[in-house]
């Protein structure tokens, strides 16, 4: 059965969202231009479904003009690939906990995670049977964790004395990636069993300054196209600070920037239909307007997905 593509975004806001269209269809910087032509035809071919977290209030709707508030509150949200379940974090009371909320059935479930851990950044596997996330213990050590949603079982999948951050599933679901600011670890997933099969030094992803790989950076593997999509902090002499979206080719070892060096990529995701969705803002002000873009992997073309600007989005998730 051919399922109609449903694109669902979970966008976490620090303040709120606003509309602003200045008629510009590209970012231009000195010696660095990213073409982002406005092409609304791509979004018209899909059913867009949005979930927003605004000051811990979660809203859902098919457009920015038709949002309805959910009966739950939280942040750091993610969406299942079938668009039915929202995973979100409740930070108070401490320690933070992860919940699952079924949008249609309005069922809310607390995951059985040990109370001595602080949980954050949950992500669903492609088949929605697993949830990966970061947990931090009493001593401040962060680890990658995996949760079997069918068996209600939890385990830590990273080893060692150094903290690791931001585990992600590949769009196909068979691999997990996370990093410790020195190395990127690629892990196979078979059922509830995991194994690290490849380790890549962060100097390969940020050759000009390996210190550019910080805690906020994220890595996601595309199994089909054999590359890793990631963010790094740019500390070049000509730029005060920025966060760049880039691609690392696993065959050639070549890196390619996908966003301007003066921009801030606050989040990204490779979707199951092998598109790259990413948020960009133009300056260091965290409350400045951001816009959502989509990049066709095969055509290597960036498109502005929506002309509406977003105030202070921190993250999002894409579902079908």
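Tabulated data
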read-out	value
Most to least packed among 170-178, 96-104 [average Cβ atoms within 10 Å]	170-178, 96-104
Cα→Cβ-extended label distance, 7 Å offset, between residue 162 and residue 283, nm	3.6 nm
Region 209-231 residues near the modelled residue 252 label - backbone nitrogen below 20 Å, point 7 Å along Cα→Cβ	220-231
Contour excess over end-to-end distance, with Cα ends at residue 199 and residue 226 and 0.36 nm allotted per residue	8.2 nm
Order of 187, 211 - criterion: other Cβ atoms within 10 Å of each residue's Cβ, fewest first	211, 187
Distance between modelled label sites at residue 110 and residue 299, nm, 7 Å Cα→Cβ extension	4.8 nm
Tail weight of P(r) past 25 Å, computed on alpha-carbon pairs of region 94-207, percent	22 percent
Residue-span extension gain [residue 153 to residue 261] - 0.36 nm each, minus C-alpha spacing	34.7 nm
Kirkwood hydrodynamic radius over Cα pairs of region 115-172, then Stokes diffusion coefficient at 4 °C and 1.567 mPa s, in µm²/s	111 µm²/s
Relative intensity, log₁₀ I(q)/I(0), of region 163-239 from a Debye sum that treats every alpha carbon as a point, q = 0.13, 0.15, 0.19, 0.26 Å⁻¹	-0.38, -0.50, -0.76, -1.24
Alpha-carbon centroid distance for the pair region 173-204 / region 258-273, whole angstrom	20 Å
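Every number here is computed from the coordinates shown, using simple stated rules; none is lab data. Keep in mind that this is a model prediction, so the values were computed, not measured. Methodologically, a virtual Cβ is constructed for each residue, glycine included, from the backbone with ideal geometry; neighbour enumeration extends over all protein chains shown.
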